[in-house]
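This report refers to the structure that appears directly beneath it.
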């Protein structure tokens, strides 16, 4: 069960670094460095790390959690501060930090297309569904400042899980064949989240927390059964 006070979550780490990043954001503002520049740099860095891991193989998979930390905790938060505290707003400003997240996660997922026992179809579906959900490109959205339903495995959980799997692969590859089913469980979680969010967008009704936890536990039990 995921605790609300999970100190290891990326969101909590972002808040802890906010005090450290604010002077850097102020300096960026003075130098004319806009949030959009941070987004471009973060995207390029994510792609470079992804290509490096692909070319380097198993021994370089430890770069994935480092890249996720730099992009999602540091650069994502820096862009947030520039947008909301220094008013680096534009018609697409509310999508800038979402773009950082989606590009960083996509670059981190792609190397797993070539990791046994996974296959490209599984990882491709995870990337597609994650991007659709994380960019919030669904009809009849809630108000801009409202946080959409994240699902039994929200984007923070997925980033942490991906970093942990990358470290495990770097240390203990190859994976057991039983793990072939793990990405399908994630796909099922994302599809379920997509369906629930569409329904919630239509009714604008919050989902009860106990229902979220029940769904979460059911998926975890299913994963355990598949791995036996």
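Readers should treat all values here as calculations from the given coordinates under stated rules, not as data from a laboratory. Keep in mind that what you see is a predicted model, and the values were worked out from it rather than measured. Reconstructed Cβ throughout: ideal geometry from the backbone, glycine too, with neighbour counts over all protein chains shown.
What nm value, rounded to one decimal, do you get for the distance between residue 17 and residue 164 when each label is placed 7 Å out toward the C-beta?
A separation of 2.0 nm, rounded to one decimal place.
With a ≥ b ≥ c taken as the square roots of the eigenvalues of the C-alpha gyration tensor of the stretch 33-82, please select rounded if a/c is under 1.5 and otherwise prolate if a/b is larger than b/c or oblate if it is not?
The shape class here is oblate.
With label points built 7 Å along Cα→Cβ from the Cα atoms of residue 128 and residue 87, find their separation and express it in nm.
Those two pseudo-labels are separated by 4.3 nm.
Between residue 178 and residue 26, what FRET efficiency follows from the Cβ-Cβ distance if R0 is 45 Å, with the result rounded to 0.05?
The formula returns an efficiency of 0.35 here.
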